[in-house]
Every structure is written in structure tokens, then in C-alpha cells.
1. Out of curiosity, is B:Arg113 open to solvent by 50 Å² or more (accessible area, probe 1.4 Å) and touching a Leu at 6+ places or on another chain (Cβ under 8 Å)?
2. Is there any pair with a first residue in the stretch A:92-110 that is over 11 Å from A:Ser64 (Cα atoms) and assigned to a helix (DSSP H, G or I) and a second that is aromatic (Phe, Trp, Tyr) and modelled with pLDDT of 85 or more whose Cβ atoms are under 7 Å apart and which are 6 or more apart or on different chains, and what are they?
3. Just a yes or no: is a residue in the stretch B:132-143 acidic (Asp, Glu) and within 11 Å of another protein chain (Cβ to nearest Cβ)?
4. So which residues in the stretch A:1-22 are more than 8 Å from every other protein chain (Cβ to nearest Cβ) and either at pLDDT 90 or above or closer than 20 Å to A:Ile114 by Cα (or both)?
5. Can you spot a residue in the stretch A:162-169 that is more than 9 Å from every other protein chain (Cβ to nearest Cβ) and touching a residue at least 12 places away in the same chain (Cβ under 8 Å)?
6. Pick out, from the stretch B:167-286, the helices (runs of 4 or more DSSP H) lying fully within it that include 1 or more residues that are at pLDDT 85 or above, exposed (fewer than 13 other Cβ atoms within 10 Å of the Cβ) and among the acidic types (Asp, Glu).
7. Please enumerate the residues belonging to the stretch A:14-36 that are without any contact (Cβ under 8 Å) to a residue 60 or more places away in the chain and touching a His at 6+ places or on another chain (Cβ under 7 Å).
Amino acid sequence: MIKGIRAGRESSYARLFDMYYRPLSVFAVKYVNDLDIAKEIVQDFFVHLYENRESLVISTSLQSYLYQSVRNRSLNHIKHQQVQKKHLDHLSHSQETTEELEEIIRVNELEHRIFQIISELPPRCREIFQMSRVNGKPNKEIAKQLGISIRTVETQISNALKALRKTLGEDISS
Amino acid sequence: MKTQPKNITKNQLFTNLDKFQSIDAEQDWSIVKGRIGFNKNRVGITFWRAAAIVVLILSIGFFANQYFQTPPSTMIAMTGENQQTIHLPDGSQVLLNKNTKLTYPEKFKRNNRLVNLTGEGFFEITRDPDKPFIVNVADRGNVEVLGTSFNIRATLLDEAVSVQVVEGSVAFYSHDAAAAQKILKKGDQAELLNGVITMNTDLDRNFLSWKTGVIYFDQDEITTVIDMLSRHYNREIILDNSVDKQLSFTSTIDNQEIESVLEELSLVMGISYSMDDKRILITGNE
């Protein structure tokens, strides 16, 4: 993929964008505290990446390169905002250790994977799963609200978990 | 069923789900793509330069028009409890089974016709040798064709991606290993599992049942029969322990109501059934 990126191939960029745009944006929110700003930062980064593709040097993995770059851009953004004081407390993020950053990236990627799996579930299954696991509603309440049996709720949740477990495997139980 | 969710429910893993969901990556990609402005032509520079200039002049109005228009957006077709026929921009047709998602561009690119499928669909493709039609299957494999009709099943709950060709031929390859590619011809069935594609010699007679409404049973064990019926009619069917699992069933079901199928089953196999609007219970006759 890095080859394709250096060559400026549209399909490579499309794939890179598809793989990383969402997780990088969510990651940037941790620094800038605003999804719209985060998205802008990541979009700017993708444009920058294309414009500077020929001088692109990646010494680590592509993934950590992308995260590092977005992190730097986010911290820069905060610095520019510093005058407004209120963002100052977010600067503490610049103190995180390499290990902490790696862990943040790992969890972020996992969250992204979960999002992908959930968005591919059949609509009804997704709805039930979100009510249960994201909003923390008891099965009984979900069944009542949707007018279905508790048994169906359980089956749908178990189907969703099956799909999650199939793709995530050991990651999820750790 | 209650024991499993415990370790998986690391609630923290869902805290950003709404953020992920609120990001429209397809829309934002068209913005970034517009800002980047990819080279429209990467090959044959010397030879084509002269011709290109002529074409450019002739088509400047056209391109200017295209340039300022929004890029073609992605169409998303999703089915819930019903099947649906989708007409693609090239004249091809796809019949989507229940709970299936198909995404495709409003307008296909010049060099290929790429669509994404999760679930099950029956494709009838308009022939166009210059633009291969590629189905990207649940991000696990690709099915590439020129013009043909075929069925793909790749639901999230199925372990394997299954393809059956009804007419013509298709290339079936995995995302995991570029080497794994199989050419399927008329009547062939193949499965992609763990990056490996295997030809199905034991053909599944009922691969297209969801489309035709016809189910063939030929000395099939009762558990197979129940699985098939449960999938086909989208009903929960419970096989009671009192049922002899050795029983087998031979019949052709042709667009029948589930009640009449159950009648037939009970008549032939000597079993009983009861049903409410949620599920069907099958018990053995003492």
C-alpha cells in the first residue's frame, strides 16, 4: 500500500482513507475535544500526505506513522488555541509515554473494528445489540419496547456477539 | 447464553461508537479527493499527449462541468425483512435477499464496476469486457466477472463466502492471499473459508431456494431439513429431544406456506408440531 501511496494512486488513497479516516478522527477528538475540528485535521493530513508523497519516509509501521502525524497536528492545533486558555488542560496529552500512546492506538483500532462489525449487522440485530450493550438496557425492557419476545432479544444479542467474537477472537476476551 | 457476554462487555469499547457512527467517511472522502485532484491519466504519456490536447480542447466545457459538480456519491441499498431488486447504473440487476447491504457508486468508474456486498444476492450482469464487474464480498474476497449471472452468500454469521455460477464464468479470489484464485464456470459452486477457496463437489441443491422458492430434500437428515426451513422461512424452529435424529426426509417444496411443509413433515416422519407467532416446536410421537 505504501508503494501505491508514493505513486499517488487514487485507489491506494481511497483504501487508506477507508481504513483510517474514522479511527484517526475519533483519535484526534481525544486532543481537540471536537469532532468537526478533528475531522478537519485528519482531512488536512490526508491532503498533506498526498502533496508530500514523494518525500514520504516511514520508519515505523504505517499505522503508527498515521497516528503520530495526526497527534502532532492535533497538538499543534491546541497550541494555536492556547491563547484562549480553556484548551490548556488538554496539553497534558503531550506528556503521554510511548507505551501509553501505543495502548491508546490499540484500543482505538479495536473500537473501530467493533464499529465496522456492528455496522455490518442486519439492522434489527444492530438495533437490539446497541440498546443492550451500548445503552445498557435490560433485555426485558428491549423486548417490551420493540414488542418482541425476550428469547428473540437474546438470540439477536448472541448473534451479534458471535459476529464480534468471530472477527475479534482473542482481542475481545483480553 | 447468559455466561458468554460477561467478558466481552468491556463497556469502554463502545464509548466512541456514536462518534464512529456519526462520521460520513464516504462524503468526506469525496471532499478530500476533490482537494487532492488526482491525475486523470497516468499512462501512455508520450503517445497520448497530442491526442489528449485535441480531446481536451474539445471537451473543456464537459470537464469544467464535471469538475464543478459534486463527485458521484455512493448508493446504499439495504434490505430488512423483504427481498428487493436493485437496478445498477450499467443495467445489471441484483436481487438482494433479506438483511443484505449492497453499496455501489451512483456512476461506475471508467475502468471497472465495483460494488460491495454483505449478505446474499443474485447478480445478473450486463456484459462489458472493458469494465469488469467486481463484487467485494464482506471485505473477505472478490468475485470478478464480465457478464454472467451468479449468487453470492456472505452473511456475517456464515463462516464461509459461497458463490454459485448460473451462467457464464467468474473469477473468485480471496483478500488474504493474492494467489488464491479460482475460475468458476456454469454450475460451479465454491466456498471461501480462512483465505482458502474450495470447489464444492457436493453441490448444494438449495443454494438458490431463497430466490426460486423451491427447496429439494433428498434423504436429508431432519436436522438439515430444519436448518434449511428455519433459514428459508426465517422462523425459529426447535427440535425437541423426543425427535429421532436418524429420520430423513425426501420431498420438493415449491413455494409453499410453512404450515403445509410442516403438515407434510409430520405426515411423512411421524412427528408433531406446534407453532405460535414466534417459534415452531417439533416433537416426536411417542
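1. On the way: open to solvent by 50 Å² or more (accessible area, probe 1.4 Å): no; touching a Leu at 6+ places or on another chain (Cβ under 8 Å): yes.
It is false that B:Arg113 is open to solvent by 50 Å² or more (accessible area, probe 1.4 Å) and touching a Leu at 6+ places or on another chain (Cβ under 8 Å).
2. A:His93/A:Tyr31; A:Asn108/A:Phe27
3. To start, the set of residues in the stretch B:132-143 that are acidic (Asp, Glu) comprises B:139.
Filter again for within 11 Å of another protein chain (Cβ to nearest Cβ), leaving B:139.
Taking every residue of the stretch B:132-143 in turn, at least one turns out to be acidic (Asp, Glu) and within 11 Å of another protein chain (Cβ to nearest Cβ).
4. A:Arg15, A:Leu16, A:Met19, A:Tyr20
5. Here is the first cut: in the stretch A:162-169, the ones more than 9 Å from every other protein chain (Cβ to nearest Cβ) are A:169.
Filter again for touching a residue at least 12 places away in the same chain (Cβ under 8 Å), leaving none.
Checking the stretch A:162-169: not a single residue is more than 9 Å from every other protein chain (Cβ to nearest Cβ) and touching a residue at least 12 places away in the same chain (Cβ under 8 Å).
6. Details: elements: B:209-212, B:222-233, B:258-269.
Here the list reads B:258-269.
7. Filtering the stretch A:14-36 for residues without any contact (Cβ under 8 Å) to a residue 60 or more places away in the chain gives A:14-21, A:24-25, A:28-29, A:32-36.
Those that are without any contact (Cβ under 8 Å) to a residue 60 or more places away in the chain and touching a His at 6+ places or on another chain (Cβ under 7 Å): A:Val32, A:Asn33.
Table: residues versus (1) within 8 Å of another protein chain (Cβ to nearest Cβ); (2) modelled with pLDDT of 90 or more.
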residue	(1), (2)
A:Leu101	no, no
A:Ile105	no, yes
A:Ile114	yes, no
A:Ser119	yes, no
A:Pro122	yes, no
A:Arg126	no, no
A:Asn135	no, no
A:Asn139	no, yes
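The values are calculated or read from the model by the stated rules, or taken from the named source; none is laboratory data. Worth saying up front: this structure is predicted, and the values here are computed from it rather than measured. Note that each Cβ is placed from the backbone with ideal geometry, even for glycine, and that neighbours are counted across all protein chains shown. SASA here: full protein model, heavy atoms, side chains in, ligands and nucleic acids out. Shrake-Rupley method; radii C 1.70, N 1.55, O 1.52, S 1.80 Å.
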